[in-house]
Amino acid sequence: MKKKTVFAIVLACGVTALVSMGLNWAGIMPLWLYETVLVVDTPAFVIALGLWVMAGNADEDIPFIGY
Amino acid sequence: MIPYLIFAIFFGLLLLGIHRKTIARIQRRPGPPVWQEILHMLKFAFKVTWIPATASDTLFVGVVLIAIGIWTAALFVVLAGESILIIFGIYMLHKIVEHGFGLSSGSPYGKFGGVRSVISAASEIPLFVSIAAIAIYTKSLMLSDIIDYQQVHGPLIFIIPLAAFAMYMVILSKMPYGPFSVVEAKELVSGYKTEHFGVWRAGLEICNGLKSYVLLMTFVIVFFGAVPFAWLLLAMVLIIITLAFVCALCPMLSPFDSVTIQTGIAGLMLIYALYLGWTG
Amino acid sequence: MSSVGGATLAHLPFGDIVIYITPFTLTLFLLALVFTILVIASRPERQLDITFGADRIITKETGLTEMRFRRFMAIACGLASMGAMLTGDVFDFALFTSLVGITNVGIVAAVKSRHVQNAAFQYGLVAMAGTVPLFGAAAMVAATTGTLSMLELAKEATSVVPFAVKAFLVLGVMGEGMAPFYAAKAEMFRAPGAPYVIMCSLSSLLIFLRVIEVVLTV
Amino acid sequence: MWNEYSVGLFIVLISAAIGFLALARETDDFHRLLLIDLVEIPSLAIIALLGTDLAEALILPGLVVGISELLALSQLYIVKEGLRSRPVKSPGIEVIELAHAPLIISVFLVAYGIVLSGFTGGGIAGLGVIFYIMSRGHSERFEIVEMASGISWAVWIIAFFVFMFLPQYWYMAVMLAAVGILLKVAAKMSLMGTMWGAHDE
């Protein structure tokens, strides 16, 4: 994936998570919906953040099969 | 929820660090600092990453996302006081995640780790025994009902100690460096996580942190009842230290012995549940 | 006992066939759905193998027709497990479970390896034997209580289904869906094609989790 | 305690146990395949013991599942053992091909099946059709049978919806369902004798 796409994912997940936190705090969004958003967002955010900081541009390699 | 989630991840990793440190001290080694697992996670998160050439790409990545997702959901389920069956469903699903980790890369080591993870499925059966025992006494499996029951009758650990033991064994079989951790034995390099490096490994570490936190918290809530937050954390640390003693003093079993012993425990627990059902 | 899987969120009475959703069944359903989507989206991996006696590494390739067949079976397996997760009818549950059994055999049967095929055949035998207690238990539920609907059965204060019948049901599910756990697991996993093989163990696990709920509810 | 149902259940369970015993003692894969079919029958018998119309409705899916598992396993066995498909001849009943007897017997069976209606009727009528087809050789056109089967399926579904949404017309729905399942079972059973697998001409 391109760095730009990955950053877009980071941004999208972070923003939706924060927005739903705010909405939940304000009492507009029910708790279960907020939690659902987090369940979807957290994994994508974490992985995309790592990839964005250090996306691999090395060539693919075969798995380790012993010394 | 976001701050709590982040706290749970870091505290869970800290618990794993304490576990490692305690084992080292018991074995009279200096051991890594207690925050080593957190550093691990951060280090892996920012390393160069790619997908192995032979891997099934979508599965390789998807399984990491699922791993974090299911344990995030598990945390919320515990906090909401929902059915304990959901937690254990997610717990068993972790098997599939390990299996997916191992098989998706095409590496022979990963494959063996995944296969070992699935053949040790017998380790989950004691869990259902403790569920059955709890159901017999509290007449409900909702965590909120279980907490209410304990406020009236006192902690469940004194009422059904063997069920607590069953669940303790289940948590033990998920602990690293323990007698049952055949899935990541060193003859398999790192078992199912051999080929997940960089960000993928960081995701797995996050999942492990959350997993330890959720499992220990469930144990405390189910068998001791609702306790103040500080006491909850303290209880979790104490339990992880006892687990570390077991892990430090027992050698790792061979896969066959591991499965045999787990099946034996499961059988004993089944008899116990039948006995409880008969009398209760 | 009514609160095994949490409060009922919704139920769809479709004649006698009831579909009901609790947090528990919903969670399992979503997991089956996610993995089914994963199966549709991913291509099989290539397993590495070391050749004995030569300094050489080979990869096991999965042919296109084999892949198509196994993917179809895996998707069918996912659909069957989704059905089994949501259904509120004991007989339906038995049917979906046996469907999972057939598709599990199908997923591994297409692999062109004698070991894997042997394992699949043995599993198939166990699965067929499992239909006896499975359908037997469903029929006996109807005979002892007069209904097959789990919601109706859950309404009773004490369990009306005899213990032996419940044990039969669990036995049937273990034979039908769970057979890979004791019959031929390791041999079956020698098969390449991780996304499809995972569906085998996923469906077994989900079915097992659901049967626990069913047994505790009725 | 020992009413008809319990006695029946007891006998069925004993026969199942005998089947399982045989299965455990047998080591040859092919014989186990045959025995497993024998073991399947008690499971249908347990359902049949209900003795209600519900049992009739439940046996059909049970039977279908059992047969499909058996077919899948047989296919697997053939592949596993590397058996080649051999040319299959139709059963040698051509001797009486020109006689009218098969036709008359078939017509009688089909008519009797229609009179019985429902599941059992379908079975008998199907038997009639099988007999007819077997004595004619199998150069028949499957599409007609398939079409009848499809139409009967649709009729059955329509009857189901009538039950759901227009319960006052229940009598018509019952008749539709009876005819539908009669045709369905007859069509399926008539296919049974003729499906020899794909011919590689």
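The values are calculated or read from the model by the stated rules, or taken from the named source; none is laboratory data. Just so you know, these numbers come straight off a predicted model, no measurement behind them. Counting neighbours? That spans all protein chains shown, and the Cβs are built from the backbone with ideal geometry, glycine included. The accessibility values were calculated without ligands, DNA or RNA, using every heavy atom of the protein model including side chains. Shrake-Rupley method; radii C 1.70, N 1.55, O 1.52, S 1.80 Å.
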(request) Can you confirm whether region B:155-169 contains a residue that is crowded, with 19+ Cβ neighbours inside 10 Å, closer than 19 Å to B:Val63 by Cα and more than 14 Å from the chain's Cα centre (by Cα)? (result) no
(message) Restricting to region C:71-129, name every residue that is under 11 Å from the mean Cα position of the chain (by Cα) and not aliphatic (A, V, I, L, M).
(response) C:Cys77, C:Gly78, C:Ser81, C:Gly83, C:Phe93, C:Phe96, C:Thr97, C:Ser98, C:Gly101, C:Thr103, C:Asn104
(request) Please tell me if C:Gly172 is more than 8 Å from every other protein chain (Cβ to nearest Cβ), part of a helix (DSSP H, G or I), at pLDDT 80 or above and surrounded by 24 or more Cβ atoms within 10 Å (Cβ to Cβ). (result) yes
(message) Could you check region B:86-132 and list, in sequence order, the residues that are open to solvent by less than 10 Å² (accessible area, probe 1.4 Å) and among the β-branched types (Val, Ile, Thr)?
(response) B:Ile86, B:Ile87, B:Ile90, B:Ile96, B:Val97, B:Val118, B:Val129, B:Ile131
(request) Those residues that are modelled with pLDDT of 80 or more, assigned to a loop (DSSP other than H, G, I, E, B) and under 17 Å from the mean Cα position of the chain (by Cα), I need them from region B:170-206; list them, please. (result) B:Met175, B:Pro176, B:Tyr177, B:Gly178, B:Pro179, B:Phe180, B:Ser181
(request) Of the numbered conditions (1) surrounded by fewer than 20 Cβ atoms within 10 Å (Cβ to Cβ); (2) out of contact with any helix residue (DSSP H, G or I) (no Cβ under 6 Å at 6 or more places or on another chain), B:Ser181 fails exactly one; give the number of that condition. (result) (1)
(request) Name every residue in region B:47-65 that is open to solvent by 40 Å² or more (accessible area, probe 1.4 Å) and without any contact (Cβ under 8 Å) to a residue 24 or more places away in the chain, in order of residue number. (result) B:Asp57, B:Thr58
(request) Please report, ordered by residue number, the helices (runs of 4 or more DSSP H) entirely within region D:1-86 with at least 2 residues that are facing another protein chain (nearest Cβ under 9 Å), open to solvent by 70 Å² or more (accessible area, probe 1.4 Å) and closer than 22 Å to C:Gly106 by Cα. (result) D:53-80
(request) Determine which member of the set B:Leu93, B:Leu59 is in a helix (DSSP H, G or I), facing chain C (nearest Cβ under 7 Å) and in contact with a Gly (Cβ under 7 Å, 6 or more places away or on another chain). (result) B:Leu59
(message) What pairs come out if I take residues in region B:95-112 that are in contact (Cβ under 8 Å) with a residue 40 or more places away in the chain and pair them with residues that are crowded, with 24+ Cβ neighbours inside 10 Å and among the acidic types (Asp, Glu) whose C-beta lies under 6 Å away, six or more apart or interchain?
(response) B:Ser104/C:Glu45; B:Ser105/B:Glu195; B:Gly106/C:Glu45; B:Ser107/B:Glu195; B:Gly110/B:Glu195
(message) Please count how many residues of region A:1-21 are closer than 15 Å to A:Glu35 by Cα and not polar (S, T, N, Q).
(response) 7
(message) Looking at region C:146-161 only, could you name the residues that are away from chain D (no Cβ under 12 Å), assigned to a loop (DSSP other than H, G, I, E, B) and either at pLDDT 80 or above or buried (at least 19 other Cβ atoms within 10 Å of the Cβ) (or both)?
(response) C:Val161
(message) The conditions are (1) more than 29 Å from D:Ala24 (Cβ to Cβ); (2) assigned to a helix (DSSP H, G or I), and C:Lys112 fails exactly one of them. Which is it?
(response) (2)
(request) Name the one entry in C:Ala186, C:Ala143 that is assigned to a helix (DSSP H, G or I) and modelled with pLDDT of 80 or more. (result) C:Ala143
(request) Being closer than 30 Å to B:Ile157 by Cα and polar (S, T, N, Q) is the filter; apply it to region B:180-224 and report the residue that is nearest to the other protein chains (Cβ to nearest Cβ). (result) B:Asn208
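Residue-wise test of (1) of a type in the set (A, V, I, L, M, F, W, C); (2) surrounded by 22 or more Cβ atoms within 10 Å (Cβ to Cβ).
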residue: B:Cys207; (1), (2): yes, yes
residue: B:Thr218; (1), (2): no, no
residue: B:Pro228; (1), (2): no, no
residue: B:Leu234; (1), (2): yes, no
residue: B:Ala244; (1), (2): yes, yes
residue: B:Met252; (1), (2): yes, no
residue: B:Val259; (1), (2): yes, no
residue: B:Thr263; (1), (2): no, no
residue: B:Trp278; (1), (2): yes, no
(request) Inspect region C:18-30 for any residue being within 13 Å of chain B (Cβ to nearest Cβ), of a type in the set (Phe, Trp, Tyr), surrounded by fewer than 24 Cβ atoms within 10 Å (Cβ to Cβ) and outside any loop (DSSP other than H, G, I, E, B) and give the result as yes or no. (result) yes
